[in-house]
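Engineer: One structure, pasted below without further comment.
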Amino acid sequence: MIKVIYWSGTGNTKNMAEYIGQGIKEKGKEVDVLEISNATENDIVSAEILALGCPAMGCEELEDSEVIPFIEANEALMKDKKVVLFGSYGWGNGEWMETWKEQMESLGAKLVTDPLIVNEFTQGQDEEICLGYGRQIVG
Ligand SMILES: Cc1cc2nc3c(=O)[nH]c(=O)nc-3n(C[C@H](O)[C@H](O)[C@H](O)COP(=O)(O)O)c2cc1C
C-alpha cells in the first residue's frame, strides 16, 4: 500500500495528491490518499512508499500547525522509509522543498525520486505532470 498524505490550504497540493494517487492506481498499486489531519502513525508504518505533500508556506517553510508537528512526532519512523515529497508553491524558487528534502534525508528516509513541485496548479498542464509522477513512483 502506498500512502499519499498531504496538507493543502487552497487546494493546489490536494489536486497534486489526487492526480499522483490516480497515477499510482493506473500502475495497479493500492493507494490511500489522505489529509494529514487524518493520518496516523500506522499510516507511516504500513506504507510501502510514503508520499508527503505540503505547499511552500511561511517564508519558504512547511506548514506549521499540522505538517511540522506531524513530522516531528514521527521522526523516528522515517529511518529507512521510502519517501516521496511533493507540493505547490507561489512566488518562490522551491527553497522550502530543498530544505524539506534535506531534513527527510537527515532523518534517514530514502528518497525514491526527486521531489515534485508545481507553481500553483495550472489546469490542463499539471494534471498530466502529477499523473506521470504517480506512475514513476511505482516504477
Ligand atoms: C501564508 C502563505 C505563505 C506562503 N509562502 C510562500 C513561500 O514562502 N514561497 C512560495 O513560493 N509560495 C508561498 N505561498 C504560496 C503557496 O505556496 C501557493 O499558493 C500554493 O499553491 C498553495 O498551495 P495549496 O493550495 O495546496 O495551499 C504562501 C502562501 C500562503 C497562504
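The values are calculated or read from the model by the stated rules, or taken from the named source; none is laboratory data. What you see is a predicted model, and the numbers here were worked out from it, not measured in a lab. Cβ placement follows ideal geometry from the backbone for every residue including glycine, while neighbour counts extend to all protein chains displayed. Keep in mind that these areas ignore ligands, DNA and RNA; they rest on the heavy atoms of the full protein, side chains included. Shrake-Rupley method; radii C 1.70, N 1.55, O 1.52, S 1.80 Å.
Engineer: How much of Leu85 can a 1.4 Å solvent probe reach, expressed as accessible area in Å² and rounded to 10?
Structural biologist: It works out to around 0 Å².
Engineer: Shifting gears a bit: Tell me the relative contact order for the chain as a rounded percent, counting alpha carbon contacts under 8 Å between residues six or more apart.
Structural biologist: Averaging sequence separation for qualifying contacts and normalising by length gives 32 percent for the chain.
Engineer: For region 1-76, what are Rg and Dmax over the alpha carbons, in angstrom?
Structural biologist: 12.3, 38
Engineer: Which GluC sites (Glu not before Pro) does region 1-59 hold that lie in a coil by DSSP with at most 13 other beta carbons within 10 Å?
Structural biologist: Here the sparse-neighbourhood loop sites are Glu30, Glu48.
Engineer: Could you give P(r) for region 2-138, binned at 10 Å from zero, as whole percent values over all Cα-Cα pairs?
Structural biologist: 13, 49, 35, 4
Engineer: Ok, one more. Over the chain, give the accessible area per residue in Å² for a 1.4 Å probe, as an integer.
Structural biologist: I get 49 Å² per residue for the chain.
Engineer: With a 1.4 Å probe and every protein chain kept in, tell me what percent of the accessible surface of the chain is carbon plus sulfur.
Structural biologist: Here it works out to 46 percent.
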